[in-house]
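The values are calculated or read from the model by the stated rules, or taken from the named source; none is laboratory data. Note that this is a predicted model, so its numbers are computed, not measured. When we count neighbours, we look across all protein chains shown, and the Cβ atoms used for this are built from the backbone with ideal geometry, even at glycine.
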Ligand SMILES: Cc1cc2nc3c(=O)[nH]c(=O)nc-3n(C[C@H](O)[C@H](O)[C@H](O)COP(=O)(O)O)c2cc1C
């Protein structure tokens, strides 16, 4: 038997918990940006995905509680560029460190000990320790919801350049076992991607 939850009758937090517990595993977009004053910023977002291939496009969404813009949103709005850094087993602890609620003046690369590398086509920092990075130009910001605790802004960006560590590269294809991507589940849970299996598509 299924229990039903009418979205109109449940508070934002309950609906959020249902959503993030059910839409799993979620990839993590580790977003590098720079403020208008030049301060580097790095933060993870699991409301993240690749959504189009031509032009190659990613989205991520930042919660905008009571109108407060997280640093990432403020930076991308100001500069129009950002990077996406792929989260794998090797960098999961550093990723977690960068999710802290630091002041805008704080550079999360310094806090986490990660190495910043400036983009080659956009002025935003990439994580050297990530096995792959995208350099992105802002396409559009779409506001979602009114200014409550869970209002959000969806950031849509076009990928201008891709950097891939040769250890995970097989020609222009990615060796999924070597990648060791990590996904986010509900609450504090994460998942590794070691249990791979293959499925042929119907002809
Ligand atoms: C794995 C993970 C995923 C997260 N996903 C999101 C998300 O999708 N949207 C969001 O607003 N915050 C998310 N957060 C919280 C942000 O990372 C956190 O608020 C961070 O401090 C924002 O940094 P900023 O102010 O430098 O942009 C996530 C945190 C973790 C650890």
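For this structure, a couple of remarks:
- Those residues of the range 19-42 which are within 16 Å of residue 157 (Cα to Cα) and in a strand (DSSP E or B), in sequence order: 29, 30, 31, 32, 33, 34
- Among residues of the range 88-113 being under 14 Å from residue 126 (Cα atoms) and within 8 Å of the ligand (Cβ to nearest atom), the one that is surrounded by the most Cβ atoms within 10 Å (Cβ to Cβ) is 108.
- Matching residues in the range 64-90 - criterion: being in contact (Cβ under 8 Å) with a residue 40 or more places away in the chain, out of contact with any helix residue (DSSP H, G or I) (no Cβ under 9 Å at 6 or more places or on another chain) and over 17 Å from residue 34 (Cα atoms): 65, 66, 67, 89, 90
- Checking each residue of the range 157-164 against the condition of being within 24 Å of residue 43 (Cβ to Cβ) and part of a loop (DSSP other than H, G, I, E, B) gives no match.
- No other residue among 188, 143 is part of a loop (DSSP other than H, G, I, E, B) and either farther than 19 Å from residue 27 by Cα or within 17 Å of the chain's Cα centre (by Cα) (or both) apart from 188.
- Every condition in (1) modelled with pLDDT of 95 or more; (2) surrounded by fewer than 22 Cβ atoms within 10 Å (Cβ to Cβ); (3) away from the ligand (no atom under 13 Å from the Cβ) holds for residue 146 except the one numbered (1).
- Hits in the range 114-123 - residues which are farther than 21 Å from residue 96 by Cβ and surrounded by 20 or more Cβ atoms within 10 Å (Cβ to Cβ): 119, 122
- Condition met for residue 97 (in contact with a helix residue (DSSP H, G or I) (Cβ under 6 Å, 6 or more places away or on another chain), modelled with pLDDT of 95 or more and more than 21 Å from residue 160 (Cα to Cα)): yes
- Members of the range 111-127 found to be touching a residue at least 24 places away in the same chain (Cβ under 8 Å) and outside any strand (DSSP E or B), listed by number: 112, 114, 119, 120, 121, 122, 123, 124
- Verdict on residue 60 being touching a strand residue (DSSP E or B) at 6+ places or on another chain (Cβ under 8 Å) and outside any strand (DSSP E or B): no
- The range 128-154 residues that are under 15 Å from residue 74 (Cα atoms), paired with ones that are at pLDDT 95 or above and part of a loop (DSSP other than H, G, I, E, B) (beta carbon under 7 Å, 6 or more apart): 137/80; 137/122; 138/80
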